[in-house]
Amino acid sequence: MRYRIALSSAVAVVALGIVGTVSGPDWDPVPLTETIEVESADTAIGGVEGADAVGTYEVATSVVTVELAGAVVEAQISEPVGAQGDRPGVVFVHGAGTGKFDVAFTQQAQALASAGIVAMVPNKRLDTYTTRTRDYNAMASDYLRSVELLRGLPGVDSDRVGVYGESEGSWIVPVMAADNPSVAFVVLVAAPVVPPRQQAAFAVDSYLRNTGVPEEVLRAVPRVVGMEFPGGGFEYGNFEVRPFQQRMRQPVLLVYGTGDAAMPTVQGALELVEDLSMAANPDWTVRYYEDANHGIKIGATLVPEFARDLVDWVQGLPETGDAEPRVAGAEPYQRFRADPVERPRWFAEGDLVVAALGACAVALLVGPVLWVVRRLRGRRQRALGRGILAPLVTMAAGAALTLVTLVAYLMSVAHLAQNYLTNPVLVQGGWLAVRLLGVVAVVAGVVLVYRVLDARRPGAEPAARTVTGEWTLATGVAGSAVLLLMLAYWGVFPPT
């Protein structure tokens, strides 16, 4: 009997593993074969004479109000004290993780202003910005209001006001700049270039690989990033910025940190340069800063060379727009391409996943609720046959606990990944624990099947002795089976 249970359990585990594998989509990112030629390790911007250096001036700040369509936001202006003549200006466009001028771009604005460049950091408009809904075209229109305000300030040269976009802001800035001569120049920092959904899949894959997760965990990348999330929304995940980049005719400075695992640092630069060539725009400069992170910082400190180069590039325009070397800094490395993400099949879309989880929860609660009701009514007789309750409870509780443990494991790994940490015991040991719990649930299910079959023999006690028992058995098995299939989809069971 034990041999039969062991063999059947092994077959069931493998079958679940195969179901999970073939249910798709699979994840097999394509290696990046293209390279970008770094001409010099020195990032200094050439062609600049007589420019003010960082730290030349004291900086004064003031807060202004920017009138938007249907809203107002505040913005902080950082100005050089005592600078003569009309000065260049820069408007900053927030990424996804920033929103307030008192915490975002503070070091960049200080560096620019101390070198004689007027910097403006508006607050992000939040009444139209949510996790589910973002309109990059509308956001571009809002930020252009700040550009117009800065162009009209005393001491600012209206013909030398540009925009600086970081991360998500690098999808907004090209919309602002396309066919728009009021934007004098463009600075793109940590620019994804590819659509948000592609960038998200690339970043998740890169982060997870850095933590050393098993290959089966990587299978979750397209199954999460590619799905339509419960309740809809997230249409901006398919936003294409390249048509706007192909209409930018301003000088462009593109900047990456080689320590930034979230961005396609080589592919992004190559595609941007290609787009600018389609716009007949020869004025581009690419810089890579060694070990710098997403915001071109090491730790919490802005890379001094980046501040120097940014100032020199802005002050030296238009001569610095195509100054040599065009590509300089540390050698970037990108292992895989950031390619389109395959959609999951219909049964794995967000709304259906949530509905299935809800149905499983209800199904697994039917038995306990009926047991309580029977107790309250004073009915003490057994609803299930002998030997049925233990494997049923073990299977149901095991499947539910495996799901909870899987979620906790993925959250723990995500924390490690986002903070560039490693923990082999948690990553490998945690995954082993998830799989062992799943196997326990499967073995309990196999035991239950054999005991139900034994109960069908002539003269044997039935598996369910009452209607309550029938409902308890049926809902417990159904809820557990669906949970096990869901766990198989997320790679809990090995296919071999």
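The values are calculated or read from the model by the stated rules, or taken from the named source; none is laboratory data. Note that the structure is a prediction, hence the values are computed from the model and not measured. Heads up, the Cβs are rebuilt from the backbone with ideal geometry, glycines too, and the neighbour counts pull from every protein chain shown.
Please state which of the following conditions Pro196 fails to meet, knowing it meets all the rest: (1) surrounded by fewer than 24 Cβ atoms within 10 Å (Cβ to Cβ); (2) closer than 23 Å to Gly321 by Cβ.
Among (1) surrounded by fewer than 24 Cβ atoms within 10 Å (Cβ to Cβ); (2) closer than 23 Å to Gly321 by Cβ, Pro196 violates only (2).
Could you figure out which of (1) of a type in the set (D, E, K, R); (2) buried (at least 21 other Cβ atoms within 10 Å of the Cβ); (3) at pLDDT 95 or above isn't true of Arg223?
Only one criterion is unmet by Arg223, namely (3).
Do we find that Val427 is closer than 17 Å to Leu403 by Cα and of a type in the set (Val, Ile, Thr) in this structure?
Here the answer is yes, as Val427 does meet what is asked.
Please state which of the following conditions Thr56 fails to meet, knowing it meets all the rest: (1) out of contact with any Asp or Glu (no Cβ under 6 Å at 6 or more places or on another chain); (2) touching a residue at least 60 places away in the same chain (Cβ under 8 Å); (3) within 30 Å of Glu331 (Cβ to Cβ).
In the conditions (1) out of contact with any Asp or Glu (no Cβ under 6 Å at 6 or more places or on another chain); (2) touching a residue at least 60 places away in the same chain (Cβ under 8 Å); (3) within 30 Å of Glu331 (Cβ to Cβ), Thr56 misses (3) alone.
What's the number of the condition Asp291 fails, among (1) surrounded by fewer than 17 Cβ atoms within 10 Å (Cβ to Cβ); (2) touching a residue at least 40 places away in the same chain (Cβ under 8 Å); (3) within 24 Å of the chain's Cα centre (by Cα); (4) not in a helix (DSSP H, G or I)?
Only one criterion is unmet by Asp291, namely (2).
Within the bounds of segment 328-339, is there any residue that is closer than 23 Å to Ala41 by Cβ, in a helix (DSSP H, G or I) and not β-branched (Val, Ile, Thr)? Steps first, answer last, please.
Within segment 328-339, the first condition is being closer than 23 Å to Ala41 by Cβ, and the residues that meet it are 328-335.
This time we only want the ones that are in a helix (DSSP H, G or I), so: none.
No, every residue in segment 328-339 fails to be closer than 23 Å to Ala41 by Cβ, in a helix (DSSP H, G or I) and not β-branched (Val, Ile, Thr).
Of the residues that sit in segment 113-135 and are surrounded by fewer than 21 Cβ atoms within 10 Å (Cβ to Cβ) and among the β-branched types (Val, Ile, Thr), which one is nearest to the chain's Cα centre (by Cα)?
By that ranking, first place goes to Thr131.
Ala220 is checked against (1) under 22 Å from Pro31 (Cβ atoms); (2) touching a Lys or Arg at 6+ places or on another chain (Cβ under 9 Å) and fails just one. What number does that condition carry?
The number of the failed condition is (2).
I'm told Pro495 meets every condition in (1) surrounded by fewer than 21 Cβ atoms within 10 Å (Cβ to Cβ); (2) in contact with a helix residue (DSSP H, G or I) (Cβ under 8 Å, 6 or more places away or on another chain); (3) in the same structural domain as Leu389 (by TED's automatic domain parsing) except one. Can you identify the failing condition by its number?
(3)
Go over the candidates Leu364, Leu357 one by one and state the one that is within 30 Å of Ala481 (Cβ to Cβ), surrounded by 19 or more Cβ atoms within 10 Å (Cβ to Cβ), of a type outside the set (Asp, Glu) and in the same structural domain as Gly398 (by TED's automatic domain parsing). Steps first, please.
Numbers: Leu357 fails: surrounded by 19 or more Cβ atoms within 10 Å (Cβ to Cβ).
Going through Leu364, Leu357 in turn, just one is within 30 Å of Ala481 (Cβ to Cβ), surrounded by 19 or more Cβ atoms within 10 Å (Cβ to Cβ), of a type outside the set (Asp, Glu) and in the same structural domain as Gly398 (by TED's automatic domain parsing): Leu364.
So Leu403 fits all but one of (1) modelled with pLDDT under 95; (2) crowded, with 19+ Cβ neighbours inside 10 Å; what number is the exception?
Evaluating Leu403 over (1) modelled with pLDDT under 95; (2) crowded, with 19+ Cβ neighbours inside 10 Å leaves (1) as the failure.
Looking for whichever is of a type outside the set (A, V, I, L, M), closer than 30 Å to Leu406 by Cα and out of contact with any helix residue (DSSP H, G or I) (no Cβ under 6 Å at 6 or more places or on another chain) here; the options are Gln199, Gln110. Which one fits? Full working, then the answer.
Details: Gln110 fails: closer than 30 Å to Leu406 by Cα.
Answer to the check: Gln199.
Any residue at all in segment 454-477 that's buried (at least 19 other Cβ atoms within 10 Å of the Cβ), hydrophobic (A, V, I, L, M, F, W, C) and modelled with pLDDT of 95 or more?
Checking segment 454-477: not a single residue is buried (at least 19 other Cβ atoms within 10 Å of the Cβ), hydrophobic (A, V, I, L, M, F, W, C) and modelled with pLDDT of 95 or more.
Among the residues of segment 67-97, which ones are part of a loop (DSSP other than H, G, I, E, B), touching a strand residue (DSSP E or B) at 6+ places or on another chain (Cβ under 6 Å) and more than 19 Å from Trp171 (Cβ to Cβ)?
We begin by selecting, within segment 67-97, every residue part of a loop (DSSP other than H, G, I, E, B); these are 69-70, 81-86, 94-97.
With touching a strand residue (DSSP E or B) at 6+ places or on another chain (Cβ under 6 Å) added as a condition, the list becomes 81, 86, 95.
Across segment 67-97, the qualifying residues are Val81, Asp86.
Filter segment 294-323 for residues that are assigned to a loop (DSSP other than H, G, I, E, B) and under 28 Å from the mean Cα position of the chain (by Cα); which is nearest to Ala51 (Cα to Cα)? If you could, list the steps in order and put the result at the bottom.
Let us first name the residues in segment 294-323 that are assigned to a loop (DSSP other than H, G, I, E, B), namely 294-296, 299-300, 303, 317-318, 323.
Next cut, under 28 Å from the mean Cα position of the chain (by Cα) only: 294-296, 299-300, 303.
Values: His294: 27, Gly295: 25, Ile296: 22, Gly299: 29, Ala300: 27, Val303: 19 Å.
Filtering segment 294-323 for residues that are assigned to a loop (DSSP other than H, G, I, E, B) and under 28 Å from the mean Cα position of the chain (by Cα), the one nearest to Ala51 (Cα to Cα) comes out as Val303.
Look at segment 253-287 and say how many of its residues are surrounded by fewer than 24 Cβ atoms within 10 Å (Cβ to Cβ) and part of a strand (DSSP E or B).
So the answer is 1.
Hey, could you check segment 143-160 for residues that are over 15 Å from Val64 (Cβ atoms) and in contact with a Leu (Cβ under 9 Å, 6 or more places away or on another chain) and say which is surrounded by the most Cβ atoms within 10 Å (Cβ to Cβ)?
Here is the first cut: in segment 143-160, the residues over 15 Å from Val64 (Cβ atoms) are 144, 157-160.
From what is left, the residues that are in contact with a Leu (Cβ under 9 Å, 6 or more places away or on another chain) are 158, 160.
Values: Ser158: 15, Arg160: 20.
Looking at the filtered set, the residue picked out is Arg160.
What is the number of the single condition among (1) in a helix (DSSP H, G or I); (2) more than 29 Å from the chain's Cα centre (by Cα); (3) loosely packed, with under 14 Cβ neighbours inside 10 Å; (4) not basic (Lys, Arg) that Gln110 does not meet?
Status for Gln110: all satisfied but (3).
Out of all the residues in segment 392-447, which are under 21 Å from Asp205 (Cβ atoms) and in contact with a Phe, Trp or Tyr (Cβ under 7 Å, 6 or more places away or on another chain)?
Residues satisfying the conditions are Leu406, Tyr409, Ala417, Gln418, Gly430, Trp431, Val434.
Would you check which residues across segment 46-66 are outside any loop (DSSP other than H, G, I, E, B) and surrounded by 12 or more Cβ atoms within 10 Å (Cβ to Cβ) and list them? Spell out how you get there, then give the answer.
Keep residues of segment 46-66 that are outside any loop (DSSP other than H, G, I, E, B), which gives 59-66.
Answer for segment 46-66, where residues must be outside any loop (DSSP other than H, G, I, E, B) and surrounded by 12 or more Cβ atoms within 10 Å (Cβ to Cβ): Val59, Ala60, Thr61, Val64, Val66.
Looking only at segment 1-17, which residues are farther than 17 Å from Leu453 by Cα and of a type in the set (S, T, N, Q)?
none
Among Leu144, Leu150, which is the only one that is in the same structural domain as Gln315 (by TED's automatic domain parsing), more than 22 Å from Ala190 (Cα to Cα) and either touching a residue at least 24 places away in the same chain (Cβ under 8 Å) or touching a Lys or Arg at 6+ places or on another chain (Cβ under 6 Å) (or both)? Quick ask: steps written out before the conclusion?
On the way: Leu144 fails: more than 22 Å from Ala190 (Cα to Cα).
It is Leu150.
Yes or no, residue by residue, for (1) crowded, with 19+ Cβ neighbours inside 10 Å; (2) at pLDDT 90 or above; (3) small (Gly, Ala, Ser):
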site	(1), (2), (3)
Leu188	yes, yes, no
Ala191	yes, yes, yes
Ala201	yes, yes, yes
Tyr207	yes, yes, no
Pro214	no, yes, no
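Any idea which residue in segment 383-400 is surrounded by the most Cβ atoms within 10 Å (Cβ to Cβ), counting only those that are touching a Ser or Thr at 6+ places or on another chain (Cβ under 8 Å) and modelled with pLDDT under 90?
Leu384
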